[in-house]
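A.B. asks: Handing you a structure now.
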Amino acid sequence: MSLFVVATPIGNSKDITLRALETLKSVDLILCEDTRHSGQLLSQYEIKKPLLSFHDHNETERIPELITKLKSGEDIALISDAGTPLISDPGFKLVRAVREEKIPVVTIPGPAAVTAALSIAGLPTDKFLFVGYLPKSAGKRKTLMSNLVKIKEILPQTLVFYESPYRIEKLLGEIETHFPDSKVSLQRELTKIHEQVQIGGINEIINQPKVLKGEFTIVVY
C-alpha cells in the first residue's frame, strides 16, 4: 500500500534507473500523463501493467478513486511524460492527499531536466532558483521577471526556465530586457539525438541561429 513517485528518462530511454524498472514491474497500477507515450517506454522494457491517464485536467477527480485503491492494498506508481513527476508536471494534489491519509509515498529518484541542464551549463550551481514555465499572461510575466530581478539582487543565484519552441524567442527577449548582462545556456532536446547547447551572453544567444523544435531549458546567471 504505497504511492511510488517514479522518475523516467527526459529523452534517452537508457537513462531509466534499475530501481525505477523494478518498481514499475512490481506495482499494480501506473499513472501517466499520456498512456500512448508512456506505453512505448514500458513496452521497450517489457513492462505490462495497467495504465491510467493522470494529468492536470483530471487529477482532482481521480484522487478519491486512487485513495480507495491504495487503502485496499494496491501499490501505485506515478510517472510523467519525462523526468521527475511534480516538477512542472501534475501530481502535487495527489501526493498531498495520499500523505493526509497517512499512506506511504516513496520517491524513486532519477532524471530531471533542471539538474541535467545545470550540470552542463558552465554557470554557478551552488545556488539556483527553478522558475519553470512562465505564466502566459503578459502582465503576470512582467511582474514575475521584475520580482526575479529583485531576488537576484538580494541573493545572487542561477535561474532555470523551461519553455516551448513557440515562446522561446519571447522568453529570450524578456531575459534580455530584465537581465541584459546575463550569461545564458540555452539547451534543447537534452539527452536526445538532436541535443543542442548554446552558451554565451544573452545578446549572443538571441542572435545565434536556432532550431525552434523540441523542449528548451534555459539557464541564466
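The values are calculated or read from the model by the stated rules, or taken from the named source; none is laboratory data. The structure displayed is predicted, hence computed values, not measured ones. Methodologically, a virtual Cβ is constructed for each residue, glycine included, from the backbone with ideal geometry; neighbour enumeration extends over all protein chains shown.
A.B. asks: If I ask for residues that are among the polar types (S, T, N, Q) and in contact with a Ser or Thr (Cβ under 8 Å, 6 or more places away or on another chain), which ones from the stretch 185-221 would you list?
C.D. replies: Result: GLN187, GLN198.
A.B. asks: For the stretch 69-94, how many residues are in a helix (DSSP H, G or I), under 21 Å from VAL131 (Cα atoms) and either of a type outside the set (Lys, Arg) or outside the structural domain of LEU21 (by TED's automatic domain parsing) (or both)?
C.D. replies: Summing the residues that are in a helix (DSSP H, G or I), under 21 Å from VAL131 (Cα atoms) and either of a type outside the set (Lys, Arg) or outside the structural domain of LEU21 (by TED's automatic domain parsing) (or both) in the stretch 69-94 gives 1.
A.B. asks: While we're here: Going by the structure shown, is ASP56 surrounded by fewer than 18 Cβ atoms within 10 Å (Cβ to Cβ) and in contact with a helix residue (DSSP H, G or I) (Cβ under 7 Å, 6 or more places away or on another chain)?
C.D. replies: Judged against the criteria, ASP56 is not a match.
A.B. asks: If a residue has to be under 17 Å from SER80 (Cβ atoms), surrounded by fewer than 18 Cβ atoms within 10 Å (Cβ to Cβ) and not acidic (Asp, Glu) to count, how many in the stretch 30-43 make the cut?
C.D. replies: Residues meeting the conditions: 5.
A.B. asks: Oh, and also: Considering only residues that are in contact with a helix residue (DSSP H, G or I) (Cβ under 7 Å, 6 or more places away or on another chain), assigned to a loop (DSSP other than H, G, I, E, B) and not hydrophobic (A, V, I, L, M, F, W, C), which ones fall in the stretch 164-206?
C.D. replies: If the condition is that a residue be in contact with a helix residue (DSSP H, G or I) (Cβ under 7 Å, 6 or more places away or on another chain), assigned to a loop (DSSP other than H, G, I, E, B) and not hydrophobic (A, V, I, L, M, F, W, C), then PRO180, SER182, THR191 are the ones that fit.
A.B. asks: Against the condition in contact (Cβ under 8 Å) with a residue 24 or more places away in the chain, farther than 18 Å from GLU215 by Cβ and not assigned by TED's automatic domain parsing to the domain that holds PHE216, how does LEU66 come out, does it pass?
C.D. replies: Criteria met by LEU66.
A.B. asks: Testing LYS48 on (1) farther than 27 Å from TYR162 by Cα; (2) touching a strand residue (DSSP E or B) at 6+ places or on another chain (Cβ under 8 Å); (3) outside any helix (DSSP H, G or I), one condition comes back false. Which one is that?
C.D. replies: Here LYS48 meets the rest and fails (2).
A.B. asks: Contact list please: Cβ distance under 7 Å, first residue in the stretch 116-131 and touching a residue at least 40 places away in the same chain (Cβ under 8 Å) and surrounded by fewer than 15 Cβ atoms within 10 Å (Cβ to Cβ), second residue not hydrophobic (A, V, I, L, M, F, W, C) and not in a strand (DSSP E or B), pairs at least six apart or on different chains.
C.D. replies: Taking only residues 6 or more apart or on different chains, the pairs are PRO124/TYR221.
A.B. asks: Can you pull out every residue in the stretch 2-28 that is among the aliphatic types (A, V, I, L, M) and in contact with an Asp or Glu (Cβ under 7 Å, 6 or more places away or on another chain)?
C.D. replies: Residue satisfying the conditions is VAL27 alone.
A.B. asks: For the stretch 153-182, which residues satisfy the criterion of being over 23 Å from the mean Cα position of the chain (by Cα) and either under 25 Å from ALA112 (Cα atoms) or in contact (Cβ under 8 Å) with a residue 40 or more places away in the chain (or both)?
C.D. replies: LEU155, PRO156, PHE179, SER182
A.B. asks: Take TYR166 and decide whether it is closer than 21 Å to ILE87 by Cα, among the aromatic types (Phe, Trp, Tyr) and out of contact with any Ser or Thr (no Cβ under 9 Å at 6 or more places or on another chain).
C.D. replies: Yes, satisfied.
A.B. asks: Let me ask another. Right, PRO209: more than 21 Å from the chain's Cα centre (by Cα), in a loop (DSSP other than H, G, I, E, B), modelled with pLDDT of 95 or more and in the same structural domain as LEU123 (by TED's automatic domain parsing) or not?
C.D. replies: no
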